[in-house]
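Presented below is the structure to which this report refers.
The values are calculated or read from the model by the stated rules, or taken from the named source; none is laboratory data. Just so it is clear, the structure is predicted and the values come from calculations on it, not from any experiment. All Cβ positions, even for glycine, are placed from backbone atoms using ideal geometry, and neighbour counts span all protein chains on display. These accessible areas exclude ligands, DNA and RNA; they are computed on the full protein's heavy atoms, side chains included. Shrake-Rupley method; radii C 1.70, N 1.55, O 1.52, S 1.80 Å.
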Amino acid sequence: MKTAETTTAGPPAAEDRLDRYRARVFLERDRLREAFADPAARQREVLADLLAFNAGTAYGKAHDFGRLRTLDDLRSAVPVQDYAALSPWIERMAEGEPNVLTADQPAVFFTSSGSTGAHKKIPVTPRFMRITFFPFYYAAWAPMAEHFPDVLARPDAVLNLKHDPVAALPTTASGRPHVGASQVDFGKMFGEHLSAEPGTAAPWATLPVPVAADDYLEKMYLRLRMAVESDVRCVIGINPAMVAALPYQLRQWWPRIVKDVRDGTLGGHPYRAPNRERAAELERLAAYFGTVRPAHVWPNMRLLFCWTTGLASLYLPRLREEFGPAVTALPAPVAASEGPVGVALDRHPTAGSLVVTASVYEFVDADQELGPDVATLGPDELEAGREYHVIYSHVGGLYRYAGGDVVRVVDTVDGVPRLSYAGRGNVSDAAGERLRDAQVVRALRSALGAAGLAARNAACHVETPEGGAPRYVFALAGESVWSADETRRITAALDTELARESAGYRAARDAGRLGPVALLRLDPDAYLREWQDTVARGVRPPQVKDRLFRQDPENWRQLTAAARQGDRS
């Protein structure tokens, strides 16, 4: 597989960087599309490369990589495994032992919160970055560069919410950085000086006033305060919960923002000359509109870049209203810290093409339980409209790795499936129903849509009433006030839609093992406050994601305490 050569030269001059950047993202997209001419051959090449390169590693010797040739050989030699299964090998690498999972020594370990909240250590090697990561990573920005060129024309046209460089990198026992992917300078670490994301050269990228490294909420305030003095046209969040929080933060921090702008301060610190004209303009916006939205502050807003599926599909229509009626939401790649799966090469609102040059991909029907010996499908065996667990193997040291994500096959274009993120692979199983994220989200969309109503976010929890069967209680943050009749109708419709989506749920309801759905109506900002409170406790914003199934009783109690004082269906 051909890839653009990594350069060790310094960063390109500002005047030609944009031209070179656009050329690179289009080149990588073209190369990926060329690979679609024979995706099966590309998959065989990826397999041959990872086996040959890592045959001499401890893992490669233990699983006899030297004799493996085909995907069936790999299936027979290596079980399907999750992070827990690979963790002992990864910990040896984190302690500095060479040649464990890869022949390449990791340059960094990416963090990943996972479904349990525990921080993983994902080994990231130079070869993985060159072969697996960078080609897909550059291609991901091609639709933006092609259709929204003005967004890239100025550094301060993009508010990149996930960019958070740190001066002192936390490390593993071997001294390797252990950080989020958004905290790594790929230019310094890997010589890829064109790789800096849009918005990472904005004035607020490196904050000019002191702030604690873990005070993420104050960092967000400072960047937002600086950005109100620029013509922002794009917001990048990847995690859509970050994008959803921005309008809420604008309202919460409005008086402080206006004062800082008027005084020329930044969080109370001296910053620049007072900008009384902009402060007066902001005050006029507040007086005219009452509730100030991002669309008012940045009237040229054109683009949001984040995941557009999962729970975000419930609140994205409202976000478009907040940011501007003509704003476009481009889907971020279907990817995790462990590796890429799909990348949008055009303006499809939810789906991206399988990155056949990055990993060897296998799939398992989403309703099937994963295990070491589970039978898998190849990319050519997927069916449109179906959902699958993703399993991948790549040169970075993850072999037949089940990362926990489920994807939905939207269609097939240019010979490869286009995939959208459907949710995590974890299930809720109180009475044999085995409900998945995607099933519940679809049921919610159908029930709300049939009633002509909208929700800003949702979560659910299994409760067992005294003397009764367990039941699902949903906490919905409604977009408007619902009447008692509307609430009853939505509750009944949700129960019906869950039974339509899940045969297991339908059987459990028919057998009386599950009781009917109950509904709690939260105030519109309930999930935004929860998100804000979590960040205030020191959790990095990219890791504070939407969570549908809430198993922790205390978390559920805190989320729904106010609603329980009112009506309950």
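Details
- The portion of the accessible surface of the chain made up by carbon and sulfur, rounded to a whole percent, is 50 (1.4 Å probe; DNA, RNA and ligands excluded).
- Segment 123-134 - phi-based ³J(HN,Hα) in whole Hz, Karplus 6.51/-1.76/1.60, Gly and Pro as x: x, 10, 9, x, 5, 4, 5, 5, 8, 9, 8, 4
- Anisotropy class of segment 238-324 from Cα gyration tensor, a/c 1.5 cut: prolate
- Sorting the segments 192-198, 391-397 by their mean number of nearby beta carbons within 10 angstrom, highest to lowest, gives 391-397, 192-198.
- For VAL374, the residues whose modelled amide H falls within less than 5 Å of its own, excluding neighbours fewer than 5 places apart on the same chain, are VAL80.
- Note that segment 294-308 has calculated 3J(HN,Hα) couplings of x, 4, 6, 5, 10, x, 9, 4, 10, 8, 10, 10, 6, 5, 10 Hz, one per residue in order, obtained from phi through the Karplus relation 6.51 cos²θ - 1.76 cosθ + 1.60 (θ = phi - 60°); glycine and proline are x.
- Dipole magnitude for the chain: computed about the Cα centre from +1 point charges on Lys and Arg Cβ and -1 point charges on Asp and Glu Cβ, it is near 920 debye.
- Shape category assigned to segment 207-289 from the gyration tensor of Cα positions, a/c cut at 1.5: oblate
- Estimated from helical segments only, the mean residue ellipticity of the chain at 222 nm is -11000 deg cm²/dmol, where each DSSP H run of four or more residues counts as -39500 (n - 2.57).
- Between the amide H of LEU522 and those of LEU476, ALA477, GLY478, distances stay under 5 Å, these residues lying 5 or more places away or on another chain, with hydrogens modeled in the peptide plane.
- 5 angstrom amide H check on ARG418, placed H, neighbours 5+ away: VAL410, ASP411, THR412, VAL413
- Computed over protein heavy atoms with a 1.4 Å probe, the accessible surface of the chain works out to 41 Å² per residue.
- For the chain, the antiparallel share of DSSP beta bridges with both residues in that region comes to about 70%.
- Nearest-10 value in Å² for the accessible area of GLU146, using the 1.4 Å probe: 90 Å²
- Of the whole protein surface, PHE53 contributes about 60 Å² of accessible area at a 1.4 Å probe radius.
- Solvent-accessible area of SER428, all protein chains in place: 10 Å² (probe radius 1.4 Å, heavy atoms, ligands and nucleic acids excluded).
- Remark: the Cα gyration tensor places the chain in the oblate category, a/c being 1.5 or greater and a/b not exceeding b/c.
- DSSP H segments from the chain that extend 27 Å or more along their own axis, Cα-based, with Kyte-Doolittle mean of -0.5 or above: 240-263
- Ranking by accessible area, most exposed first, for HIS147, HIS389 with a 1.4 Å probe: HIS147, HIS389
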